[in-house]
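What follows is a set of notes on a single structure, which appears directly below.
The values are calculated or read from the model by the stated rules, or taken from the named source; none is laboratory data. Worth saying up front: this structure is predicted, and the values here are computed from it rather than measured. Cβ: placed from backbone, ideal geometry, glycine included. Neighbour counts: every protein chain shown.
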Amino acid sequence: MTNTTTGTPASDRLDPAVLKLGAVIAIGSITAMLDMTMVTVALADLTRTFGASVTTVQWVGTAYLLAIATVIPATGRLAERFGIRAMWMFSLGAFLAGSVLCGAAWSMASLIAFRVLQGIGGGMIVPLGMTILAQAARPEQRGRVMGIVAVPGQIAPIAGPMFGGLLVGTVGWRWIFYVNVPICLAALLLARRGIPAGAPHRQGGGRLDTIGLALLSPALALIVYGLSARTARLPLLATGAALLIAFIVHALRRQTAAPLLDPRLFTHRPFAAASALNFLSRLSIFGVMILLPLYYQQVRGHSPLTTGLLLAPQSLGTMLALPYVGKLTDRIGARPVVLTGIAITALGTLAFTRVDAHTGDAALGVSLLVFGIGVAAVAVPVSAAAYDGLPPTAIPGATSAITTVQTIGASFGAAVLAAILQSREAHHVDAPAHAFADTFRWVLAATLLTLIPALLLPLRHKAKPH
């Protein structure tokens, strides 16, 4: 069908209602992403304020991550049972309440506890937003729609450290939490007007898989904590793995009509390929986000604010590429776009494998810009391809599964890279820059490894029956 005025195929233009919905979701999503990046610049102030050790203060981030890992598995089923708009507003409300309480924290213990509440809301926001837009968009337009979802994630790494550093330096660390209040209130008001109420898929009759929840949530929490822990790592990981296996056995039983996460989703080739690529990308594509800030601060001696500015080219490259990547994905399919993105990402990573104590900031900035373009060319098509051929009723569960894979992958990637960096630092005692260069070579190798699942992504979207 063609628009008679412009001659543009109607199916090629995004529905204005979907664009409006995307804006509503983006405003809600940016709260959790900004907060995650702002908190990192406040850790030193928290140490002084509460007289706590660095190890204790690290729990401000760890508690948030563990809460996310615990709540993600239930997000899809809760959306099916209670309705996706209700759960979206609940997640924003929980994040808002947690933010207010974090800002009012009177001790390190209270701050850590309130970060758990904040994490419960924040952990639901991103998968719910992806689900809402994936259900609203037609399959042939999901590439561009997922580009909308990706915008907050690219703004946060630029704005978070700079905005957080400004707040901490002027009005104090409590305002990195209080600043969420007006954003959340605006997001709640927009959601009430802009997100269709929609009936729950199961009309409230579906029973939550409580056995699955009792197995999977602790399993993920133990695995995530075990990967980041400094002691008792193997027992934690072994217990988490045992609970995960028990969950898979439970979920595959015929009596489990609606498992918390359906392992059978991974028999669907596009979903399995997207999941594998999402997991590997935490170690490869996003490895730069972990290592480069450390390099700038530990080797080059830059402040957190300066580091945030130096990292800006990556997000700039991604934001410049997002509109084109979404259109290309809708036009030619995920596989060629992702393969090109991996090649661009590898090219951008090459400069990092040769860093020393005097590498020019301009050269690294150009490499980060190229790297950011590659990130967009991988992340957006993979997000769209995960839903290729899935029925609408499977989308909430698929989103929860994808987000779970990403969370474990992020923890795995951080643990592996930290271990490699520590090992190389022991080898290059007098030349820490060389330790980073060696570690970046592992990042490059992992980036090239993502070519394997990328080859399994679909070339074209599966046509929907008319």
Legend entry - Residue, surrounded by the fewest Cβ atoms within 10 Å (Cβ to Cβ), within region 320-343, restricted to residues that are more than 18 Å from Thr450 (Cα to Cα) and either of a type in the set (D, E, K, R) or not assigned by TED's automatic domain parsing to the domain that holds Leu449 (or both): Arg331
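Which members of region 327-349 meet the condition of being touching a helix residue (DSSP H, G or I) at 6+ places or on another chain (Cβ under 7 Å) and of a type in the set (A, V, I, L, M, F, W, C)?
Quick first cut of region 327-349, residues touching a helix residue (DSSP H, G or I) at 6+ places or on another chain (Cβ under 7 Å) only: 327-330, 334-335, 337-342, 344-349.
Result: Leu328, Ala334, Val337, Val338, Leu339, Ile342, Ile344, Ala346, Leu347.
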Inset, instruction - With respect to Val57, determine if the residue is of a type in the set (A, V, I, L, M), under 21 Å from Val171 (Cβ atoms) and in contact with a helix residue (DSSP H, G or I) (Cβ under 6 Å, 6 or more places away or on another chain). - result: yes
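Okay, residues lined up against (1) in the same structural domain as Ala79 (by TED's automatic domain parsing); (2) touching a Pro at 6+ places or on another chain (Cβ under 7 Å); (3) surrounded by 17 or more Cβ atoms within 10 Å (Cβ to Cβ); (4) modelled with pLDDT under 80:
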position	(1), (2), (3), (4)
Gly397	no, no, yes, yes
Ser400	no, yes, yes, yes
Ile408	no, no, yes, yes
Leu459	no, no, no, yes
Lys464	no, yes, no, yes
Inset, instruction - Considering only region 379-395, state which residues are surrounded by fewer than 23 Cβ atoms within 10 Å (Cβ to Cβ) and in contact with a Lys or Arg (Cβ under 8 Å, 6 or more places away or on another chain). - result: Asp388, Gly389
Inset, instruction - Say whether the condition of being under 28 Å from Phe352 (Cα atoms), buried (at least 16 other Cβ atoms within 10 Å of the Cβ), in contact with a helix residue (DSSP H, G or I) (Cβ under 6 Å, 6 or more places away or on another chain) and at pLDDT 80 or above is met by at least one residue in region 299-309. - result: yes
Inset, instruction - Tell me, please, whether a residue that is without any contact (Cβ under 8 Å) to a residue 60 or more places away in the chain and part of a loop (DSSP other than H, G, I, E, B) can be found in region 271-285. - result: no
Legend entry - Test: residue in region 84-94 that is at negative phi, at pLDDT below 80 and either assigned by TED's automatic domain parsing to the domain that holds Ile195 or surrounded by fewer than 19 Cβ atoms within 10 Å (Cβ to Cβ) (or both): no
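Do we have any residue at all in region 253-262 that's in contact with a helix residue (DSSP H, G or I) (Cβ under 8 Å, 6 or more places away or on another chain) and either without any contact (Cβ under 8 Å) to a residue 24 or more places away in the chain or under 30 Å from Arg354 (Cβ atoms) (or both)?
Going through region 253-262, the residues in contact with a helix residue (DSSP H, G or I) (Cβ under 8 Å, 6 or more places away or on another chain) turn out to be 256, 258-262.
Now restrict to residues that are either without any contact (Cβ under 8 Å) to a residue 24 or more places away in the chain or under 30 Å from Arg354 (Cβ atoms) (or both): none.
Checked against the condition, which is being in contact with a helix residue (DSSP H, G or I) (Cβ under 8 Å, 6 or more places away or on another chain) and either without any contact (Cβ under 8 Å) to a residue 24 or more places away in the chain or under 30 Å from Arg354 (Cβ atoms) (or both), region 253-262 yields no hits at all.
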